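The values are calculated or read from the model by the stated rules, or taken from the named source; none is laboratory data. Computed from a predicted structure; not experimentally measured. Cβ: placed from backbone, ideal geometry, glycine included. Neighbour counts: every protein chain shown. Heavy atoms of the whole protein, side chains included, go into the accessibility calculation; ligands, DNA and RNA do not. Shrake-Rupley method; radii C 1.70, N 1.55, O 1.52, S 1.80 Å.
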Amino acid sequence: MAQISRNERMSRIRILVDAQNTSSAKKGEVLRIAGFGDPMSCPVISIGANELLLNHKSHRVRAQLQDDAQWGELSHEPDSEGAQAIIAFHIRQDRGEASFAMLQQSLTQDGQTDPGIITHDGVLINGNTRAVAIREFADPSKEYIRVAVLPQTVKPQELNLLELRLQMQKQLKGEYSFTNELLFVEELKEEFKLSPEQIAAEMRIHLDNAKKGASEVELRLRMLDLIRRMQNIPAQRLPLRFFDDLAYEQLKQTLREYDAKMKDDPASAERYLETILLSGMLGITSVHQLRRVDDAFVGDYLVPHLEEDEVVGRFADFLTATSPDQLPNSNPGAARLMKRSKPAEPARPDIRRLIDVVNQKTKDVAIVAGDKKVSLSADNVRDALKTSMIVGIDEKKRADRVEDKLSAPVDLLKKAANELVKCSNALPVAMKDPAFDTRRQKLMEMAFKKLKKRFREVEVALVRAGVLLDN
């Protein structure tokens with residue numbers, strides 16, 4: 001069905017309302033809506049779902065539209081057919097395939113329990129999802145939706161609050177996504193100038209404690225600021241909806257840690273934020289797992305385990321280096337010179353580079369290893385990073401359980417020395433076995449190089465602590 005003009009839509013609505021008011025039959029259905037002074041008595045009409053406009057300001061799809069590149073071109077004409085098609089797509093997607101099918105089945109079998117709500121010019125304030133579902137019915141006689149018509153005197157701010165109040169009732173309606181809820185809070189504050197206390201009351205947040213409710217609103221606004229900061233960390237900006245997977249508890253913890261680190265060491269705070277983002281991009285979003293992540297996690301835990309990966313391990317340095325001077329040195333003379341010099345400060349891994357690798361759309365990751373160009377499967381790299389992250393979190397969890405933090409470094413160093421003794425005893429036996437082939441020898445070489453690297457890092461730490469003299 002072709003989309004009708006605004007004037008045609010308004011005329012159609014007036015005719016249906018007038019027909020109801022002048023009908024000789026019993027009085028038609030009226031919906032009473034409270035909240036804006038005296039209750040409003042809104043006539044309920046039945047109109048074709050295709051005759052109404054989906055609401056581009058609906059907070060159910062606000063974040064989705066912001067993330068949609070096509071919407072940017074059509075946002076200035078939200079009533080156009082192209083814009084309406086995009087809105088319909090996101091409304092359907094937001095409900096989910098199974099839930100949307102159940103809604104259609106319910107509408108077919110039971111009809112509408114409650115009417116939707118429209119403005120005097122036919123824009124849906126409530127009932128957008130039902131309208132999209134009804135439009136898809138095969139039987140044209142069923143493509144009608146019952147809606148209450150608001151008076152023309154209702155102001156834009158009242159429309160937004162009405163949408164919110166209807167949503168808060170949660171009468172078989174899908175809840176807002178986390179990011180859409182945050183955008184709603186921001187709009188109420190920035191556009192409609194509501195105070196945090198008023199917003200908390202509208203959203204039914206801590207109704208028994210206005211001060212606590214206002215603090216919660218301020219927290220959610222801070223979360224939105226943090227999300228926008230994280231959106232711009234990758235070279236290719238992340239969509240807003242990505243952060244729905246992190247959600248409230250994770251972001252609350254992240255914000256608390258980030259604020260604490262910003263007071264003492266802003267660079268450390270940024271590394272921490274990057275690490276949290278990398279975790280989320282790898283699908284690690286549990287608040288219990290993220291609690292183990294800190295600004296040093298990638299260097300202390302992720303990279304060592306990444307180096308052990310059979311496919312990606314030998315390229316770990318090239319994946320995490322910020323600049324060429326951090327890459328492994330293949331010059332034997334330079335290596336001998338480094339042995340005679342004081343231990344070098346270990347380079348920090350480039351977390352943003354790892355984020356961009358995970359975020360890239362291409363199937364391969366191109367790196368330069370020495371004088372060779374190497375192409376790695378992006379899926380293999382992501383899998384290796386995720387495995388390393390999970391194993392690293394488990395390892396840090398065990399390390400955090402050590403009761404005596406003062407004795408832990410000594411105990412761990414002693415344990416490492418004992419493990420080296422075991423290796424020295426096991427090596428001659430293994431080398432006599434024909435099964436100790438070239439592949440195993442190569443793995444041994446890689447493990448030894450890793451050991452030397454870790455030894456230098458411990459040596460640097462001991463020199464800095466004054467335990468060892470700087471020779």
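Could you tell me the calculated FRET efficiency between D139 and F192, based on Cβ-Cβ distance and R0 = 45 angstrom, to the nearest 0.05? Before the final figure, lay out the partial values.
Numbers: r = 41 Å, r/R0 = 0.92.
Once the sixth-power term is evaluated, E becomes 0.60.
So how strong a dipole does the chain carry about its Cα centre when Lys and Arg Cβ are +1 and Asp and Glu Cβ are -1, to the nearest 20 debye?
On the way: 71 positive and 71 negative charges, 257 e Å.
Rounded to the nearest 20 debye, it is 1240 debye.
Full-extension gain between D259 and K450, please, as 0.36 nm times their residue separation minus the C-alpha to C-alpha distance.
Details: separation 191, 0.36 × 191 = 68.76 nm, distance 3.47 nm.
Taking 0.36 nm per residue and subtracting the Cα distance, the gain is 65.3 nm.
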Value of [θ]222 nm, deg cm²/dmol, for the chain, DSSP H segments ≥ 4, -39500 (n - 2.57) each, nearest 500 = -17500 deg cm²/dmol
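Evaluate the relative contact order of the chain (contact order divided by residue number), counting alpha-carbon pairs under 8 angstrom at least 6 apart; express in whole percent.
On the way: 493 pairs, mean separation 49.0, N = 471.
Averaging sequence separation for qualifying contacts and normalising by length gives 10 percent for the chain.
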Accessible surface, region 206-319, averaged per residue in Å² (probe 1.4 Å) | 46
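Please tell me the relative contact order of region 78-140 in percent, rounded to the nearest whole number, where contacts are Cα pairs under 8 Å and at least six residues apart. Write down the numbers at each step before the final one.
Details: 30 pairs, mean separation 21.3, N = 63.
Relative contact order, region 78-140: 34 percent.
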Based on the alpha-carbon gyration tensor of region 213-295 and its eigenvalue square roots a ≥ b ≥ c, which shape applies: rounded if a/c is under 1.5, prolate if not and a/b is larger than b/c, or oblate?
-> rounded
R401: accessible area at probe 1.4 Å, nearest 10 Å²?
-> 150
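Would you mind calculating the gained length between K252 and S106 on full extension (0.36 nm times residue separation, minus the Cα-Cα distance), in nm to one decimal?
Taking K252 through S106 to full extension adds about 48.8 nm, to one decimal.
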In this model, which of K414/K449; K422/K453; K261/K452; K361/K453 are farther than 29 Å apart at the alpha-carbon?
-> K261/K452; K361/K453
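Give me the accessible area per residue for region 388-471, probe 1.4 Å, as a whole number in Å².
Numbers: 6730 Å² over 84 residues.
In whole numbers, region 388-471 has 80 Å² accessible per residue.
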Determine the shape class of region 180-318: with a ≥ b ≥ c the square roots of the Cα gyration tensor eigenvalues, call it rounded for a/c under 1.5, and otherwise prolate if a/b is greater than b/c, oblate otherwise.
-> prolate
Could you work out how far helix 378-400 tilts from the main Cα principal axis of the chain, as a 0 to 90 degree angle to the nearest 10?
-> 70
Cα-only radius of gyration and Dmax that characterise region 59-161, units Å = 14.4, 39
The chain - percent of accessible surface contributed by carbon and sulfur, probe 1.4 Å | 52
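Would you mind calculating the relative contact order of region 204-306 from Cα pairs under 8 angstrom and at least 6 residues apart, reporting the percent as a whole number? Could you put the intermediate results ahead of the total?
On the way: 65 pairs, mean separation 21.3, N = 103.
This gives 21 percent for region 204-306.
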Average accessible surface area per residue within region 101-162, 1.4 Å rolling probe, Å² = 46
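If you stretched the chain out fully between R353 and A210, how much longer would it get, using 0.36 nm times the residue separation minus the C-alpha to C-alpha distance? Each step should come with its number before you reach the end.
Numbers: separation 143, 0.36 × 143 = 51.48 nm, distance 4.43 nm.
Gain on extension, R353 to A210, equals 47.1 nm.
Taking N as the number of residues in region 151-253, what is its Cα Rg relative to 2.2 N^0.38 Å? Mind showing how you got there, number by number?
Details: Rg = 14.8 Å, N = 103, 2.2 N^0.38 = 12.8 Å.
With N residues counted in region 151-253, Rg over 2.2 N^0.38 Å equals 1.16.
Set the Förster distance to 45 Å, then compute FRET efficiency between A69 and D394 from the Cβ-Cβ distance, nearest 0.05.
0.70
Could you calculate the FRET efficiency of S46 with N232 from 1/(1 + (r/R0)^6), where r is the beta carbon distance between them and R0 is 51 Å, rounded to 0.05? Kindly include the intermediate steps, with their values, before the conclusion.
Numbers: r = 48 Å, r/R0 = 0.93.
After rounding, the FRET efficiency stands at 0.60.
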Nearest 10, in degrees from 0 to 90: the angle of helix 247-264 to the longest Cα principal axis of the chain is 50
From the square roots a ≥ b ≥ c of the eigenvalues of the alpha-carbon gyration tensor of the chain, which class results: rounded (a/c under 1.5), prolate (a/b over b/c), or oblate?
-> prolate
